[in-house]
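Please read the structure below before turning to the comments.
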Amino acid sequence: MEVIYPRKVNFYETDAQGVVHHSNYPRYFEEARGFFLESIGFPYPDVREKLNTDIVLLELHVKYRHPLYYGDRFEILTQLKMENRYFFRFFYTIRKGNDTVSTGETRHCCIDRDTRRMIPVPEEIKLRLK
């Protein structure tokens with residue numbers, strides 16, 4: 001499953017040259033991840049409240065290819081792949097037009113909000129990914 005999140009570069013995300021600062025790309029990934037979860041019917045608040053689960057970030061990788069500038073419109077293509085019953089990865093491609101600007105991935109697990117211990121990915125989420 002792939003979800004596309006449209007976005008525009010804000011002035012505050014850029015440096016003095018008008019280029020998006022590298023620290024914003026992980027934020028873009030997080031926005032796209034939240035949008036992905038909303039798209040499958042499980043926004044973060046529902047994961048937390050209805051499933052008593054938190055999604056924890058374990059790894060983050062970013063590859064920068066081309067810069068984005070203030071005012072650029074771009075999209076983030078997001079895919080989720082299960083590794084096993086505990087771990088999953090999101091893969092991100094940031095595109096401006098036909099050009100790939102950046103790629104990245106994040107690795108996650110779920111934890112019980114009460115015990116703070118790792119748990120299998122809830123079935124309710126896995127069912128929505130099929």
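Can you classify region 27-98 as rounded, prolate or oblate using the Cα gyration tensor, where a ≥ b ≥ c are the square roots of its eigenvalues, rounded means a/c under 1.5, and otherwise it's prolate if a/b beats b/c and oblate if not?
It is prolate, given that a/c is not under 1.5 and a/b is the larger ratio.
Taking the 0 to 90 degree range and rounding to the nearest ten, how far is the long axis of helix 24-39 tilted relative to the main principal axis of the chain, both from C-alpha atoms?
It works out to around 50 degrees.
Give me the dipole magnitude in Debye, nearest 20, for region 2-128 about the Cα centre, with unit charges on the beta carbon: positive for Lys and Arg, negative for Asp and Glu.
Computed charge dipole of region 2-128: roughly 200 debye.
How far is the Cα center of region 1-66 from the Cα center of region 85-112, in Å?
Value for the Cα centre distance between the two parts: 9 Å.
Strictly over 22 Å apart at the Cα level, which of Lys8/Lys50; Lys63/Lys126; Lys96/Lys126; Lys63/Lys96 would you flag in this model?
Lys8/Lys50; Lys63/Lys126; Lys96/Lys126
Could you tell me which residue out of Ile76, Tyr25, Phe91 lies farthest along the dipole of the chain toward its positive end? Charges go on the beta carbon: Lys and Arg +1, Asp and Glu -1, centred on the Cα centre.
Farthest towards the positive end: Phe91.
Before rounding to the nearest 500, sum -39500 (n - 2.57) across all DSSP H runs of length at least 4 in the chain and divide by the residue total; then give [θ] at 222 nm in deg cm²/dmol.
For the chain, the value works out to -7000 deg cm²/dmol.
Express the Stokes-Einstein translational diffusion coefficient of the chain in µm² s⁻¹, to the nearest whole number, given a Kirkwood radius over alpha-carbon pairs, 37 °C and a viscosity of 0.692 mPa s.
After rounding, the answer is 212 µm²/s.
Given the options Tyr69, Tyr12, Tyr44, state which has the largest fluctuation in a GNM of the chain using a 10 Å cut-off (strictly under) for Cα springs.
Taking springs between Cα atoms under 10 Å, the residue moving most is Tyr12.
Please list 92-105, 54-67 highest first by mean number of surrounding beta-carbon atoms within 10 Å per residue.
By packing density, highest mean first, the sequence is 92-105, 54-67.
In a Gaussian network model over the chain where Cα atoms closer than 10 Å are linked, find which of Arg73, Arg33, Arg116 has the largest mean-square fluctuation.
Maximum among the listed residues: Arg116.
Quick note: the coordinates plus some simple rules give every number you see, no bench work behind them. From a predicted model like this one, the values you see are computed outputs, not experimental measurements. Methodologically, a virtual Cβ is constructed for each residue, glycine included, from the backbone with ideal geometry; neighbour enumeration extends over all protein chains shown.
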